[in-house]
Amino acid sequence: MTTHRFSEAVQRIIARAQQIANTAGEAELSPVHLLLAITEDGACSGAQALIHLGVHLEVLRFEINGQIPPVPVNGVAPLQASLASTQAINEAAYIARTMGDGRIQTIHILMGIHSQVNEPSLTPGLVPSSSIIPTARDILISMGVTRHRLWAAASDYHRGYGPLYGVVIE
């Protein structure tokens, strides 16, 4: 992953995403795990941006949980970040630097997840195309979170006018 510094909220989100992946018996941390962890921390900037964009976190969690099978696991397996997660976090670091932020915030992680156009849903050939599992980006888009609206929310949040301050972004 990147050497860019993570905020405390991002550190919590990554730790929670790892727990979610381990509980599901996954070998890799994926953007879906990161997105679910963001939705569980309603106070973080990423969750606040989603709320501000009209996303109901409970509905989003329901959609995401449908993609993560609950498999009880004995013990905690070593977890590796998937290529898509690594790319999302690296993109978040780039976005944070571009916005002049000294630390990666959860809103940057959310933007990095949304930027994953080519995130693989499943290994090709394993499942018929009609039953491909949606990616974290697909789920965000289905909730009306567009790139433009997310950048507008992040920009306003960065300037101190964002989700926590009541500015409506259309």
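The values are calculated or read from the model by the stated rules, or taken from the named source; none is laboratory data. Treat the numbers as computed from the prediction; the structure is a model and nothing was measured. In this analysis, Cβ positions are derived from the backbone assuming ideal geometry, glycine residues included, and neighbour counts consider all displayed protein chains. Just the protein is used for accessible areas: all its heavy atoms, side chains included, with ligands, DNA and RNA removed. Shrake-Rupley method; radii C 1.70, N 1.55, O 1.52, S 1.80 Å.
Details
- Flag for Tyr94 being at pLDDT below 90 and open to solvent by 40 Å² or more (accessible area, probe 1.4 Å): no
- Test result for Tyr157, at pLDDT 90 or above and among the hydroxyl-bearing types (Ser, Thr, Tyr): no
- Residue tally, condition within 12 Å of the chain's Cα centre (by Cα) and at pLDDT 90 or above, over region 97-135: 10
- Region 23-45: number of residues that are within 15 Å of Ser85 (Cα to Cα) and not acidic (Asp, Glu): 11
- Cβ separations smaller than 8 Å between residues 6+ apart or across chains give the following pairs from region 138-159 residues that are more than 16 Å from Ile109 (Cα to Cα) to residues that are among the acidic types (Asp, Glu) and part of a helix (DSSP H, G or I): Ser142/Glu63; Met143/Glu63.
- Residue count, region 44-67 (criterion: in contact (Cβ under 8 Å) with a residue 24 or more places away in the chain, among the small types (Gly, Ala, Ser) and surrounded by fewer than 19 Cβ atoms within 10 Å (Cβ to Cβ)): 1
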